[in-house]
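Take a look at the structure set out below.
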Amino acid sequence: QVQLVESGGGLVQAGGSLRLSCEASGRTFSNYGMGWFRQPPGKNREFVAAITGSGSNTYYADSVKGRFTISRDNAKNTLYLQMNSLKPEDTAVYYCAATQRTYGSRRILEYDYWGQGTQVTVSS
């Protein structure tokens, strides 16, 4: 089992920045590919970014490329999402997730463990 706890969400004005954190416990963190997903109000959950177990490769949704950065610190068992130039359409509940596929994935169904989510609200 892997337990994931997100933090860092909040209310920010358009153009602002936030950094989300996801602390993992339970298993060897570097063995898991990690991802960030989000669920906007009234919409389905969608892929945001993913990172391999070693942190050497990252993947992004087109909608966040160039604005968001995913990273991890395996020594601290923590995943991060730095979000810059935020837009109102980035408003969503953000979830971190872990997959036993160390290469990471864009696919929701390939993730085995999920955090409880953290709310990000971007005002215009």
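If D112 passes every condition in (1) open to solvent by 50 Å² or more (accessible area, probe 1.4 Å); (2) touching a residue at least 40 places away in the same chain (Cβ under 8 Å); (3) among the charged types (D, E, K, R); (4) within 29 Å of S124 (Cβ to Cβ) but one, which one does it miss?
Failed condition: (4).
Go through region 89-109 residue by residue and tally those that are over 19 Å from A61 (Cα atoms) and without any contact (Cβ under 8 Å) to a residue 60 or more places away in the chain.
Looking only at that region, the number is 0.
Assuming S17 fulfils every condition listed in (1) open to solvent by 50 Å² or more (accessible area, probe 1.4 Å); (2) free of Cβ contacts under 8 Å to residues at least 60 places away in the same chain; (3) small (G, A, S) apart from one, which condition is it?
The single condition S17 does not satisfy is (2).
So which residues in region 40-85 are aromatic (F, W, Y) and closer than 20 Å to F29 by Cα?
Of all residues in region 40-85, those aromatic (F, W, Y) come to 47, 59-60, 68, 80.
Listed by number, the residues that qualify are Y59, Y80.
Do any strands (runs of 3 or more DSSP E) lying entirely in region 13-124 carry at least 1 residues that are modelled with pLDDT under 95, and which ones are they?
Here the list reads 18-25.
The values are calculated or read from the model by the stated rules, or taken from the named source; none is laboratory data. It should be emphasised that the depicted structure is a prediction, and the values quoted were computed from it without experimental measurement. Glycine also receives a Cβ, built like all others from the backbone with ideal geometry; neighbour counts cover every protein chain displayed. To get the accessible areas, we keep the full protein, side chains included, count just its heavy atoms, and leave off ligands, DNA and RNA. Shrake-Rupley method; radii C 1.70, N 1.55, O 1.52, S 1.80 Å.
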